[in-house]
Amino acid sequence: MPHWMKLILVACTATLLAACGGNDDDEPAAQPKTLVETAQSDARFSILVEAVVAADLAGTLSAPGPFTVFAPTNDAFAALLAELGVTKDQLLADKALLTTVLTYHVLPAQVLRAVVPAGQAITTVQGGIFKVDAVGSDLLVTDGRNRTAKITATDLQSSNGVIHVIDRVLLPADKTVAQTAQALPAFSILVEAVVAANLQGTLSGTGPFTVFAPTDDAFAALLTELGVTKDQLLADVPLLTKVLTYHVVAGRVLKVNVPVGTAIGTVQGGSFTVDAGLAITDQRARRASIVATDVLASNGVIHVVDKVILPAP
């Protein structure tokens, strides 16, 4: 090939390469989507997006964050409408309720699946708490009303946080510790005792409190043990107050945070211990078992016990 033809070929090749490079530089780089844009691009979240817009939260969830959003699907919202007995339009028109519910699904930090604090109280932007438990390979959310939702997908990334997909809309607590006990039939005598001791106001206060709540069967056994009737026990307000406040611990202590083998101070002033098997030893060396845990309330948590515990005589 003549020398002049080689020069032309090199020049053309260089020009072609430069042109290709220039085209690459002209193409804008794809921008990562915000949480709102990520939800908008996913058909599963169309009702969630409508709700976010109706509550005027789109701007907030497009801010730098980072946030973690537990995102209910359309099926989850359909189930909520049936549960509440309202239409979608009625729900979207109730901005106050919508804002409360939606902000309850948002955490003010990015929390990937690998670092979700299992069994712990997780505080939301709304101010209420829920907890997440690992059950086998599943992650289950327990909301403030003790309803459960399954996390069906995790770690959907966006520019300002992460989305975890859930199959049920979460609801914040709407009952105090006292109201929660009133709503459960197993605690009818406990509720009578709290009223007789005039403690319902205290247990409806800000708290938070942890209540180790004896069942009706536990109170029946105590009456036999003390050789008194229920009326006699309820009439002895000083004793009743001492016994009931011995079942209350200041602060919200979920099961995972119960200190094993360490004296746990009570509102009454005495203490008891809990072993690794969740058995309580009171100050009279009597033992009770914790038979259910982490019943959530707006101002604390309830653990159910099968025996009334007693402070030192």
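The values are calculated or read from the model by the stated rules, or taken from the named source; none is laboratory data. Values in this document were obtained by computation on a predicted structure and should not be read as measured data. Ideal geometry is used to build each Cβ from the backbone, glycine not excepted, and the neighbour counts take in all protein chains shown.
In a residue-by-residue description of segment 51-59, the property of being within 20 Å of LEU171 (Cα to Cα) and in a strand (DSSP E or B) applies to no position.
Listed conditions (1) surrounded by fewer than 17 Cβ atoms within 10 Å (Cβ to Cβ); (2) among the acidic types (Asp, Glu); (3) free of Cβ contacts under 8 Å to residues at least 60 places away in the same chain are all met by ASP217, apart from (3). Say we look at segment 57-83 and pick out the residues that are without any contact (Cβ under 8 Å) to a residue 40 or more places away in the chain and over 20 Å from the mean Cα position of the chain (by Cα); which of these is nearest to LEU139 (Cα to Cα)? Only one residue tops the list, namely ASN74. If you go through segment 173-208 and pick out every residue that is part of a loop (DSSP other than H, G, I, E, B) and over 21 Å from THR123 (Cβ atoms), you end up with 7.
Output the number of residues of segment 220-239 satisfying the condition of being touching a residue at least 60 places away in the same chain (Cβ under 8 Å) and out of contact with any Pro (no Cβ under 8 Å at 6 or more places or on another chain). Steps first, answer last, please.
Let us first name the residues in segment 220-239 that are touching a residue at least 60 places away in the same chain (Cβ under 8 Å), namely 221-222.
Next, from what is left, pick out any that are out of contact with any Pro (no Cβ under 8 Å at 6 or more places or on another chain): 221.
Of the residues in segment 220-239, 1 are touching a residue at least 60 places away in the same chain (Cβ under 8 Å) and out of contact with any Pro (no Cβ under 8 Å at 6 or more places or on another chain).
Restricting to segment 220-260, count the residues that are on the phi > 0 side of the Ramachandran plot and either modelled with pLDDT under 95 or surrounded by 17 or more Cβ atoms within 10 Å (Cβ to Cβ) (or both). The qualifying residues number 0.
The requirement of being of a type in the set (Val, Ile, Thr), touching a residue at least 12 places away in the same chain (Cβ under 8 Å), surrounded by 20 or more Cβ atoms within 10 Å (Cβ to Cβ) and within 30 Å of VAL115 (Cβ to Cβ) is fulfilled nowhere in segment 84-99; no residue meets it. VAL115 falls short on exactly one of the conditions (1) over 18 Å from PRO208 (Cα atoms); (2) in contact with a strand residue (DSSP E or B) (Cβ under 9 Å, 6 or more places away or on another chain), and that condition is (2).
Mind checking whether some residue in segment 101-115 is surrounded by 15 or more Cβ atoms within 10 Å (Cβ to Cβ) and polar (S, T, N, Q)? Yes, that holds for at least one residue.
Pick out the one residue from VAL249, VAL260, VAL253 that is touching a strand residue (DSSP E or B) at 6+ places or on another chain (Cβ under 7 Å) and without any contact (Cβ under 8 Å) to a residue 40 or more places away in the chain.
Details: VAL249 fails: without any contact (Cβ under 8 Å) to a residue 40 or more places away in the chain; VAL253 fails: without any contact (Cβ under 8 Å) to a residue 40 or more places away in the chain.
On inspection, the qualifying residue turns out to be VAL260.
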